[in-house]
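J.: Have a look at the structure that comes next, please.
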Amino acid sequence: MTETLPLPPACVTARRISKSFGGVAALDSVDLAPRPGRVLGLLGANGSGKSTLCRIIAGEMMSDGGELLVDGQPARFTTPKDAVRRGVVIAHQHPSLAPDLPVWENLFLGMERCGRGGFVSRAGSRRAAWHMLQAVGLDIDIDQPVERLSAAEQQLVEIARALSREPRLLILDEPTAALSAALVDRLFAHVRALAASGTAIIFISHRLQEVEALCDDLVVLRNGRRVGSWELDGSLDEARVLDLLTGDSDAPARLTERKPRDTQDVVLTLEGLCAGQALRGVDLDLHSGEILGIAGLQGQGQEQLLDTVAGFRRKDGGRILHRGRALSPHRPRDMIRRGICLVPNDRHRQGLFMDQTVGENLAAVALAMQPRPWRLRRRRLAEFVRQTIPRLLIKTRGPTQPVATLSGGNQQKVVIGKWLEGPVDVLLLSDPTKGVDLRARREIYDTIGDLVAGGSAALVYASDIHELLHHCDRILVMYEGRVVETLSGSAMTEQRVIAASFGRAA
Amino acid sequence: MNKHLARPLALIGVAILLLLVGQILMPGFLSLGQVSNQLKIAAFLGIFGLCQTIVIAAGGQGLDLSVGASATLGGILGAALMQGSNGLTAPALLAAVAAGGLVGIVNGVGIALMRVPPLVATLAIASVVDGGTILGVSIVHPANSASPLLVAIGGWASGGVPNIVIVWAVLGAIAVWLLSASAWGKRLTATGANPLAALLSGNHVTGIRIAAYGLSGALAALAGFLLTGYVGQAFFGLGDPYILTSVVVAVIGGATLAGGRAPYAGVAAAAIMMTVLVSLLTALAIGEAGRQIIFGLVLLGFLALDRMMKGSLRAVILSRFRTPTPIAAASSAPDTSRGG
């Protein structure tokens, strides 16, 4: 190794890595050299190969071509454990936790701390677990099963587990997708401290401002190729990045301005809606032709609000009025009959049948709601699937492709598309663009826009404020289970939303 | 289509192979009478296999260990009501099937509404039903013989084909249509594959699960009723030999215990294959112990083969022109935990 380099040599280097799935190249001869003490931002649209590259480096997959070097020596990781042993640890975007086990056991899964006689040292593990979680700013009961945690808390448990393995190279795959702004700040402080102590870090995010805030180096991938890389010094040339990400500068990343709509008819009214601890009396009016955004910090009741309106969660009090009629749903089916449809928060667990094909997933609602459960209306369903795929610009080889092999954005389009066979009057979307690239994000909002233009309405919760500011006609801000602010027109600014998110009027 | 037919055809192929082996070792094994006799036995196993196929497809670790109890109840209740008379056979059949359906619905309510694990719920109900049947018989001392009509349906043949095989063929065709080609079947497999997504897509998940167990109970009682005709009389423990064998044929036939698949053609073929295997072992005078061992090994072998074939198939799909070796454990681990 040359000692004249201004930067310390990379501890783990990926050289000319290639990988293909079913004949489609996911990575084409990509180099990556994260350096100790620095945070490397990895940017790319979904399907650009970021996750594949990281999984190869972390030993979860093997490349078809190219090699990994550890301290300059070729290394071969055949299992994640090999990689962990050499100091390479990954924290996944979708936490890989055991849902039934308590938090503290999850933290040591596969790396149990054993005392005398090979028994798990319970007290020591629990104490260590508490410290690990404190480090990432998570103050929760470590004995509760992981499945009771929110998405954000699970993400932090996943990150805490990765940190506990004292990595030399830490890969964070969209760690902030489910986190609120405050938690992101806390995480970033921790990551910076870790980098300062000499750890190399790879950071994947779809949020440019986060990359700008955290990263020292930047690598942009597009369609499995490395299309750009440079050092950042605290600022990011957004136009250049967007050009590299999308590959065509004709399609701007910004949404075209939406026309103001007729907002006379009220489609949906909530009066003092309560559900458990999460909703403590929510009032709102949703108008025909409107996209109404719900903002707020993570876990202020936004997800529960949509779940309750969709009939997925039981309401304890208050009223839901749809077109003037009070509804008390027992299950989602009751609301779907009236055209109130939910695009759920967790695509994989709640939205999709992962073992089934694109066509089967698109037909799921039509099958569930057809009045007689006997005859399969094959031709009608096939026709619906055939029309929906191009209508939502779903990138797929065809209806028979397994839905699990689609990228995140295209999977989300399938979840939206399955509602379109029946009438949609209120579309509820719970963080619809989580883990979705910029282009697919715009296409999803275009679809929502087309839908509401026909007289229905959309209620959207998104964890990204900018997304709401771009796409919504009005924004509600939730804080501790209530709506604390309604913003529209020129009042819809980031400052006003953030101020209200912390329970303060601007 | 090819994909759906591969397993049933392979299983039938194995059955034919076993028949040929039997013929070589013992001339006469492949005679028409012998084959039709085996189909008769397979028909009962096949109906019990259908019970398991349905509840396994409904997901949530679905399993029905009360099929034996429901069958015994169906047989004894049916015999008691028909009192050996042809005229009362049809009403007795309806009553038996309704009783089995009721047992199944109780199972379903316990499992879908009260969230008792299927293994425990159906085992407990089986115990209650068995006890209740004994109690009823000891108080009433009912008739226990099958009517001549039922004996004809269960034991005789028309034109060389056993009547019970015709019944099974009709039932099987309806089952394949219901499970694979009807909207209800799609709802059932959707519920099994991902109950949350099924609920949010508008399925009445609880209702579907209760119906699945109800159907299983009704079919088990029907099988017990027919079995009474085959044997000539109802007796206690009539359905017990089928409790675990029905699970075995469902699994060999391609039902995955995680739910979401209802491949009845494969299960029916597995029922035939297992029947031929057992009869070959019996004919070879291999004792009960030897049969048990071979039975277990076959089950293990089929499951292993299944895994291997799926694994290699995935490898072929993933690498159209190069030969990477995906690490099965690593690439599937995050997915499974995510699903849970």
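J.: How many of the residues in the range A:330-345 are at the interface with chain B (Cβ under 9 Å from one of its Cβ atoms), in contact (Cβ under 8 Å) with a residue 40 or more places away in the chain and over 16 Å from A:Val460 (Cβ atoms)?
T.: Adding up the residues that qualify gives 1.
J.: Something else now. Any idea which residue in the range A:259-283 is farthest from the chain's Cα centre (by Cα), counting only those that are at pLDDT below 85 and of a type in the set (S, T, N, Q)?
T.: Of everything passing the filter in the range A:259-283, A:Gln264 is farthest from the chain's Cα centre (by Cα).
J.: Determine whether A:Glu290 is of a type in the set (D, E, K, R), surrounded by 20 or more Cβ atoms within 10 Å (Cβ to Cβ), under 30 Å from A:Asp185 (Cα atoms) and more than 11 Å from chain B (Cβ to nearest Cβ).
T.: No, not satisfied.
J.: Also, I was wondering about something else. Which members of the range A:68-88 meet the condition of being out of contact with any helix residue (DSSP H, G or I) (no Cβ under 9 Å at 6 or more places or on another chain) and touching a residue at least 40 places away in the same chain (Cβ under 8 Å)?
T.: Across the range A:68-88, the qualifying residues are A:Leu69, A:Val70, A:Asp71, A:Gly72, A:Val84, A:Arg86, A:Gly87.
J.: Follow-up. Within the range B:53-65, is even one residue modelled with pLDDT of 95 or more and within 22 Å of B:Val151 (Cβ to Cβ)?
T.: The answer is no; no qualifying residue exists.
J.: Could you go through the range B:260-274 and let me know if any residue there is modelled with pLDDT under 95, under 30 Å from A:Glu421 (Cα atoms) and either out of contact with any Ser or Thr (no Cβ under 6 Å at 6 or more places or on another chain) or away from chain A (no Cβ under 14 Å) (or both).
T.: Yes.
J.: Another question, then. Could you tell me which residue of the range B:141-193 is surrounded by the fewest Cβ atoms within 10 Å (Cβ to Cβ), considering only residues that are of a type in the set (Val, Ile, Thr) and under 22 Å from B:Gly224 (Cβ atoms)?
T.: Of everything passing the filter in the range B:141-193, B:Val170 is surrounded by the fewest Cβ atoms within 10 Å (Cβ to Cβ).
J.: Another question, if that's okay. Check every one of the strands (runs of 3 or more DSSP E) wholly within the range A:57-138 and list those with 1 or more residues that are in contact with a Cys (Cβ under 9 Å, 6 or more places away or on another chain), under 22 Å from A:Ile159 (Cα atoms) and more than 10 Å from chain B (Cβ to nearest Cβ).
T.: Answer list for the range A:57-138: A:88-91.
J.: With the structure loaded, tell me whether A:Gly301 is in contact (Cβ under 8 Å) with a residue 40 or more places away in the chain, within 29 Å of A:Pro95 (Cβ to Cβ), surrounded by 21 or more Cβ atoms within 10 Å (Cβ to Cβ) and more than 9 Å from chain B (Cβ to nearest Cβ) or whether it fails that test.
T.: Judged against the criteria, A:Gly301 is a match.
J.: Among B:Ile293, B:Ile286, which is outside any helix (DSSP H, G or I), of a type in the set (Val, Ile, Thr) and farther than 11 Å from B:Leu45 by Cα?
T.: B:Ile286
J.: State the number of residues belonging to the range A:358-378 that are more than 7 Å from chain B (Cβ to nearest Cβ) and closer than 14 Å to B:Asn194 by Cβ.
T.: Of the residues in the range A:358-378, 2 are more than 7 Å from chain B (Cβ to nearest Cβ) and closer than 14 Å to B:Asn194 by Cβ.
J.: Do the conditions hold for B:Leu196, that is, is it of a type outside the set (Phe, Trp, Tyr) and buried (at least 22 other Cβ atoms within 10 Å of the Cβ)?
T.: No.
A quick yes/no check of all residues on (1) in a helix (DSSP H, G or I); (2) over 16 Å from A:Ile416 (Cα atoms); (3) in contact with a strand residue (DSSP E or B) (Cβ under 6 Å, 6 or more places away or on another chain):
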site	(1), (2), (3)
A:Asp355	no, yes, no
A:Gly359	yes, no, no
A:Val365	yes, no, no
A:Ala368	yes, no, no
A:Pro371	no, yes, no
A:Arg380	yes, yes, no
A:Arg386	yes, no, no
A:Pro390	yes, no, no
A:Leu393	no, no, no
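J.: Another question, then. Is there a residue in the range A:459-470 that is at pLDDT 90 or above, surrounded by fewer than 17 Cβ atoms within 10 Å (Cβ to Cβ) and closer than 17 Å to A:Leu270 by Cβ?
T.: Scanning the range A:459-470, I find no residue that is at pLDDT 90 or above, surrounded by fewer than 17 Cβ atoms within 10 Å (Cβ to Cβ) and closer than 17 Å to A:Leu270 by Cβ, so the answer is no.
J.: Name the one entry in A:Gly455, A:Gly409 that is small (Gly, Ala, Ser) and part of a loop (DSSP other than H, G, I, E, B).
T.: Step by step, each of A:Gly455, A:Gly409 is checked, and only A:Gly455 is small (Gly, Ala, Ser) and part of a loop (DSSP other than H, G, I, E, B).
J.: I need the full set of residues from the range B:112-133 which are among the small types (Gly, Ala, Ser) and part of a loop (DSSP other than H, G, I, E, B), in order please.
T.: Listed by number, the list is empty, since nothing qualifies.
The values are calculated or read from the model by the stated rules, or taken from the named source; none is laboratory data. Just so it is clear, the structure is predicted and the values come from calculations on it, not from any experiment. Cβ sites come from the backbone with ideal geometry, for glycine too, and all protein chains shown count toward neighbours.
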